[in-house]
Every structure is written in C-alpha cells, then in structure tokens.
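Here is the structure we will look at.
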Amino acid sequence: MSRPLALILAAVLAATAGPAFAEKSAQATKVLPFLDKFLKVPAAERSRLKLTYAVRHDGQMLPNLKATLVERGGARTPLPVDGEGYFERLPTLAQLEGDPAIVFDVPVGWKMGSMMTFGTQLKPAQDYDARELAATVTEANTVIGKAAGVAAFMAPKMTGVVFPKAESGMIAFADGHSAPLPKVNEFPYFRPADHQGAVRVKLTRTPTKVAFYDGKK
C-alpha cells in the first residue's frame, strides 16, 4: 500500500471510529440518592414499595450501560443496566455504608445525571383490591416520613395511585354502587381519601404500571 493511500485510510478509520471510552467514577450515594435511607427502613415495612434508578446523558436514557460498584477494599460488583436504561441490581445497605463508588464505561468527557423513581410493587392488571391500593399509599407516606427524618415536612405526600395507559375504570363500593375513576392527563387515578368504602378498582385496559399520584384532586 502506498503511503498516501495508507494515510487516507487511517484518516477515514479515525473519522468513523466510535468515541474513546474511559472509566467515569462517582460516589454511589450521589448516583443513587435516598437508597441508603430507604434500605434502613425494615423490609417488612416497605414491602409494597420499590426504588428504581437510571443514569442519563443529555436527558436521554442509557440502555445496557456498563456499570460496576467498586468498594473501598477493591471488591467489584457489576450493576447491570437493562435495555430501557434502569439498574437491574442495586447495592445493599452494607455496601452503601462502606462509601463505595460506581464506575461507568462511557465516552470521555460525558456529563451524566441520575433519575430516581419511587414506585409500587403492584403488577399491571385490570382488577385491584381498593384496600390494597390504599394500604400501598399509606405505606409510601410512612416510609417517606421515616426515611426523610427531620426533613419529612419537605417530602412529597402521596395521595393515591395512577394507572398509565389504562384508558378508564370504575370503582366498586361495599354498598353495591359504583363510580367512574377520575383522570389526570388522560390516565385514571384512585385517591383513597376521596372514595371511602371502595372495595374494587376495575380498569378497561391493563396499565403499563401502577405509579404513585401526589395530586390534590
């Protein structure tokens, strides 16, 4: 191969190659805020709840991101990220108390941020026990209060649950009457305080998830 052609080929390869990658490290409690406080609440008292986390770049999710928990003693634990960009595994409380770091394989110079979702363990369905929905809301506020400690007055208060993509639904009451579920942003939601005596919540379509609602109406 002649020298000019070799130089041209090298330039083309450099232009088409992906960005250079490097390990980017951050304190685990900063990447996963509130997780340590959540895990300090006894498991039996938060069984209806879950925390999920994702790392984002320029507002975009990062599916299948390579992340590793690195403890002070050098132990390394993979933290898989799924195809949507959420961590499939999170550190334990014992690991977090050792002040570990999370190392990411990302392009050099990338700025990243994390996103936390406080959610329910309820599975998508079309029929729910209204009392279980109410218990989930109560548990959420109790856990938030315990985890937030002296800052509890600043924490959000969950008032109900919302059913994304469920279209519509009805509430069945113990006395036999029923009422339509109200909607917010086209999604039906259920606020226990507004529907005393409710026994079932029935949806016309299975929601994508059951999320918390903190609205006043």
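The values are calculated or read from the model by the stated rules, or taken from the named source; none is laboratory data. Note that the coordinates shown come from a computational prediction; the quantities given were computed from them, not determined experimentally. With ideal geometry, Cβ positions are generated from the backbone for all residues, glycine too; neighbour counts draw on all protein chains shown. Side chains included, ligands, DNA and RNA excluded: accessible areas come from the protein's heavy atoms. Shrake-Rupley method; radii C 1.70, N 1.55, O 1.52, S 1.80 Å.
Give just the number: which of (1) over 20 Å from the mean Cα position of the chain (by Cα); (2) open to solvent by less than 50 Å² (accessible area, probe 1.4 Å); (3) polar (S, T, N, Q) does Gln126 not satisfy?
(2)
For Ala155, are the conditions met, namely being closer than 15 Å to Asp214 by Cα and open to solvent by 20 Å² or more (accessible area, probe 1.4 Å)?
The answer is yes for Ala155.
Looking only at residues that are among the β-branched types (Val, Ile, Thr) and touching a Phe, Trp or Tyr at 6+ places or on another chain (Cβ under 9 Å) in region 164-205, which one is surrounded by the most Cβ atoms within 10 Å (Cβ to Cβ)?
Selected residue: Val201.
Being assigned to a strand (DSSP E or B) and open to solvent by 80 Å² or more (accessible area, probe 1.4 Å): is that true of Arg56 here?
It is true that Arg56 is assigned to a strand (DSSP E or B) and open to solvent by 80 Å² or more (accessible area, probe 1.4 Å).
Residues to consider are Ala134, Ala148; find the one that is assigned to a helix (DSSP H, G or I) and within 20 Å of the chain's Cα centre (by Cα).
Ala148
Looking only at region 96-110, decide whether some residue is open to solvent by 40 Å² or more (accessible area, probe 1.4 Å), outside any loop (DSSP other than H, G, I, E, B) and at pLDDT below 95.
Yes, region 96-110 has at least one match.
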